[in-house]
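The values are calculated or read from the model by the stated rules, or taken from the named source; none is laboratory data. Owing to the predicted nature of the structure, the values given are computational and were not obtained by experimental measurement. A quick note on method: Cβ atoms are made from the backbone with ideal geometry, for glycine too, and the neighbour counts reach across all protein chains shown.
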Amino acid sequence: MPDPVDLLSAIGLYLERRGNDIPARFLDGLCRPMPRRTLSPRPLPCLAFLPAAVAAAAGARHELAACLAAAAGDLAWGQTYTAADFGAAFLDGYGWVELCGSRGHFANDSIAAGFLLLGPRLTYPDHHHVAEEIYVPLTSGTAWRMGDTPYADRAAGTVIHHRSEVSHAMRTGDVPLLALYVWRGGPLDQRSEIGTTETQRNG
């Protein structure tokens, strides 16, 4: 069974192989040694959708998703929100795991990296945060929204960059979303602000 260190190595290798697709500033913090934390496993209901996400991923994305699935039961999965925010049905299909960062299995105060899992037919409403981030969806079939643009499908493997404080949202179809994420340049443990930014509201 893969160890979290194997999964962290797999993330780094996958991103490095993307070459110029990934801005260098999102890779620098993943290259140095990181102290390991002892975290207890924390499974969530959303893990029921992980096998379907693995099956939907292809090529190198499938390899990374399969590595996550093999280690998933030993990882500390988390949720940022409560049922009061988006409802109980959302929570049943939502979760993330941070491999490295201020809360992750490996301590890093400059960058956070992990995976987001969303079940089918869910909307992750507009939210924003100080840190800039990239997502690389490992599955297709999800519509993404950024700023005041409409939802648009983004293919698996596309690098999606959200600048600091830019609102973004996701809406899954029949296929669960499994996406690799990297945060940098802001508080790594910030709870995302729900809704659009002041700039968007004021036009």
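Observations on the structure shown:
- Selection status of A24, more than 16 Å from the chain's Cα centre (by Cα) and over 19 Å from A112 (Cα atoms): no
- Restricting region 65-88 to residues that are surrounded by 14 or more Cβ atoms within 10 Å (Cβ to Cβ) and hydroxyl-bearing (S, T, Y) leaves a set whose member that is nearest to P137 (Cα to Cα) is T80.
- Hey, V182 touching an Asp or Glu at 6+ places or on another chain (Cβ under 8 Å), closer than 20 Å to Y14 by Cβ, at pLDDT 95 or above and surrounded by fewer than 20 Cβ atoms within 10 Å (Cβ to Cβ) or not: no
- Close pairs from region 126-141: first over 13 Å from M170 (Cα atoms), partner of a type in the set (V, I, T) and not in a loop (DSSP other than H, G, I, E, B), Cβ under 7 Å, at least 6 apart: E133/V182; I134/I160; I134/V182
- Residue pairs meeting the criteria (Cβ under 8 Å; at least 6 apart or on separate chains; first within 16 Å of P45 (Cα to Cα) and of a type in the set (D, E), in region 65-94; second in a loop (DSSP other than H, G, I, E, B) and modelled with pLDDT of 95 or more): D74/P41; D92/G119
- The lone exception for I22 - which of (1) at pLDDT below 95; (2) surrounded by fewer than 16 Cβ atoms within 10 Å (Cβ to Cβ); (3) in contact with a Leu (Cβ under 7 Å, 6 or more places away or on another chain) it fails: (2)
- Test: L39 is in contact (Cβ under 8 Å) with a residue 12 or more places away in the chain and either within 18 Å of G114 (Cβ to Cβ) or surrounded by fewer than 18 Cβ atoms within 10 Å (Cβ to Cβ) (or both): yes
- Matching residues in region 42-64 - criterion: being assigned to a loop (DSSP other than H, G, I, E, B) and either closer than 13 Å to L117 by Cβ or free of Cβ contacts under 8 Å to residues at least 40 places away in the same chain (or both): P43, L44, A57
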